[in-house]
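> Have a look at the structure that comes next, please.
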Amino acid sequence: MARGSDKPKLLVVEDDEGLQAQLRWAYEDYEVLSAGNREQALALLRAEEPAVVTLDLGLPPDPDGTSEGFAVLDAIMQLKPDTKVVVASGHGARESALTAIERGAYDFYKKPVDIDELGLIVRRAFGLHRIEDENRKLSEKVGDDARVLGTMVTAAPEMGKVARTIERVAPTNVSVMLLGASGTGKELLARGLHDTSDRRTGPFVAINCAAIPENLLESELFGHEKGAFTGAVRTSEGKVELADGGTLFLDEVGDIPLPLQVKLLRFLQERVIERIGGRKPIPVDVRIVCATHQNLEAMIAEGRFREDLFYRLAEIVVKIPTLAERPGDAVLLAKHFLMRFAAEMNPQVGGFAPDALTAIDEWPWPGNVRELENRVKRAVIMADGKLVNAEDLDLAGGDERAEGALNLKQAREAADRRMIRHALARTEGNISGTARLLGISRPTLYDLLRQYEIQP
């Protein structure tokens, strides 16, 4: 067969020339490459990089044993571990097959060859290789073109708008308040703001105001002098002082008690602090970024949060969308997390099975990015195979959220937008692939993209 074919490449490693010819004839859908020994097999592997290899373990110079076949298998796994190797042996077939699987083979078949049975195994191997390759490419694509502020993985216009706002205010010294549900990445955005500001060379100091008991929070923020209270055996700088010249991130600012709100307001007005037990004012140059998932305006009305402090902290307010409001991002983020966790915890995992990608697309993600990260981490640890499936993610059922549309036309438009953006994310922006995934023609897809003003 002429080289340069667009057909998938199948390498047949078999010393029986008659069987080589039979397999070449049977697999007309593939570009079949044939090798009769280890040297030929590895030369073709390097030159042609076939996705699937069928390997007879009984190769010369050990045609009646398996040592040479296993040597070829080990070499393939070392040179190109993503290759799907299907082994055959007529010598103690079951024991040899199990040993081959342990050493990296994809599957096995028994001799004499059943062409139909082997054909099914080969088709499945090509299908798995294609899925893993798509997963790998999508993982590689989760790079600079799918990030904002250098760290946050996203391709959603909603997050792009957030990023542009942050980039505009970063060079200034205004206080920024990030509003969003838990798990939406508020600290990541705060750090991105710091890293793109003129204070990037200074410290970035974060404190979760909800995680520290009220009686300790003042000391954590403003520090204390030695002997200021029982247990204060030495002078300690607070987070505000430690952030001098940089950025202080106050997470869950709504949990700061009222008495401490007064002291924080005074600092914001005068830009000096006094440690607990101290008398000397200490000037501090720090930018404040805060975040909360609470409704501060309702808390102000209830008298639980100072209105004057709110306006000092919220010179610029940035609302962060939930993961459910960022179509396509769940898949991108899941790929990012899987790549990271697999490298750390389970290197055999190479990607997501189709049912997992569908489940990720459809799940409402009430816990946002944090929930997604935790589910992927658990799935990578628990996965038995090379692909994480929906069961590994513990996702059951789809997203049955009501869109709250005014009428049927609005509901259909909202569904169209969501499906198109999901499909674009799944195909990495490829128009032909998106059209096929949606079951429509390319011209129809182009019309919809123009109609809904969606940029691929």
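> Which pairs do you get when a residue that is closer than 15 Å to Leu250 by Cβ and open to solvent by less than 10 Å² (accessible area, probe 1.4 Å), found in the range 173-195, comes within reach of a residue that is assigned to a loop (DSSP other than H, G, I, E, B) and not hydrophobic (A, V, I, L, M, F, W, C), reach meaning Cβ atoms under 6 angstrom, with the pair 6+ apart or on two chains?
Matching pairs, first to second residue: Ser175/Glu315.
> Residues to consider are Leu449, Leu445, Leu395; find the one that is surrounded by 15 or more Cβ atoms within 10 Å (Cβ to Cβ), modelled with pLDDT of 80 or more and assigned to a loop (DSSP other than H, G, I, E, B).
Residue meeting the stated conditions: Leu395.
> Of these, Val72, Val53, which one is in a helix (DSSP H, G or I), within 20 Å of Tyr109 (Cβ to Cβ) and either touching a Leu at 6+ places or on another chain (Cβ under 7 Å) or open to solvent by 50 Å² or more (accessible area, probe 1.4 Å) (or both)?
Exactly one of Val72, Val53 is in a helix (DSSP H, G or I), within 20 Å of Tyr109 (Cβ to Cβ) and either touching a Leu at 6+ places or on another chain (Cβ under 7 Å) or open to solvent by 50 Å² or more (accessible area, probe 1.4 Å) (or both), namely Val72.
> Being on the phi < 0 side of the Ramachandran plot, open to solvent by less than 40 Å² (accessible area, probe 1.4 Å) and not aliphatic (A, V, I, L, M) is the filter here, so list the residues in the range 414-431 that pass it.
Within the range 414-431, the subset on the phi < 0 side of the Ramachandran plot is 414-427, 430-431.
Next, only the ones that are open to solvent by less than 40 Å² (accessible area, probe 1.4 Å) stay: 414-415, 420, 422-425, 427, 431.
Hits for the range 414-431 are His422, Thr427.
> Would you check which residues across the range 21-78 are of a type in the set (A, V, I, L, M), modelled with pLDDT of 90 or more and touching an Asp or Glu at 6+ places or on another chain (Cβ under 7 Å) and list them?
Matches in the range 21-78: Leu33 only.
> Against the definition (open to solvent by 40 Å² or more (accessible area, probe 1.4 Å), within 29 Å of Gly65 (Cα to Cα) and at pLDDT 85 or above), how does Arg124 come out, yes or no?
In short, yes.
> Okay, moving on. Residues Gly227, Gly238, Gly223, Gly245: which one is out of contact with any Lys or Arg (no Cβ under 8 Å at 6 or more places or on another chain), of a type outside the set (Ser, Thr, Tyr) and open to solvent by less than 80 Å² (accessible area, probe 1.4 Å)?
Gly227
> What is the residue count in the range 425-440 for residues that are closer than 15 Å to Leu357 by Cβ, at pLDDT below 75 and either among the hydrophobic types (A, V, I, L, M, F, W, C) or assigned to a loop (DSSP other than H, G, I, E, B) (or both)?
3
> Also: Could you check the range 269-321 and list, in sequence order, the residues that are free of Cβ contacts under 8 Å to residues at least 12 places away in the same chain and not acidic (Asp, Glu)?
Arg279, Lys280, Pro281, Asn295, Ala298, Ile300, Ala301, Gly303, Tyr311
> Here's a follow-up. Being touching a Cys at 6+ places or on another chain (Cβ under 7 Å) and either closer than 17 Å to Gly180 by Cβ or open to solvent by 50 Å² or more (accessible area, probe 1.4 Å) (or both) is true for just one of Leu333, Leu313, Leu372. Which residue is that?
Leu313
> Shifting gears a bit: Taking the range 80-100 only, how many residues are modelled with pLDDT of 80 or more, in contact with a helix residue (DSSP H, G or I) (Cβ under 7 Å, 6 or more places away or on another chain) and not in a helix (DSSP H, G or I)?
The qualifying residues number 7.
> Considering only the range 418-456, state which residues are within 24 Å of the chain's Cα centre (by Cα) and farther than 27 Å from Ile131 by Cβ.
Gln455
The values are calculated or read from the model by the stated rules, or taken from the named source; none is laboratory data. Please read these numbers as outputs of a predicted model, since none were measured by experiment. In this analysis, Cβ positions are derived from the backbone assuming ideal geometry, glycine residues included, and neighbour counts consider all displayed protein chains. Ligands, DNA and RNA are excluded from the accessible area calculation, which covers all protein heavy atoms including side chains. Shrake-Rupley method; radii C 1.70, N 1.55, O 1.52, S 1.80 Å.
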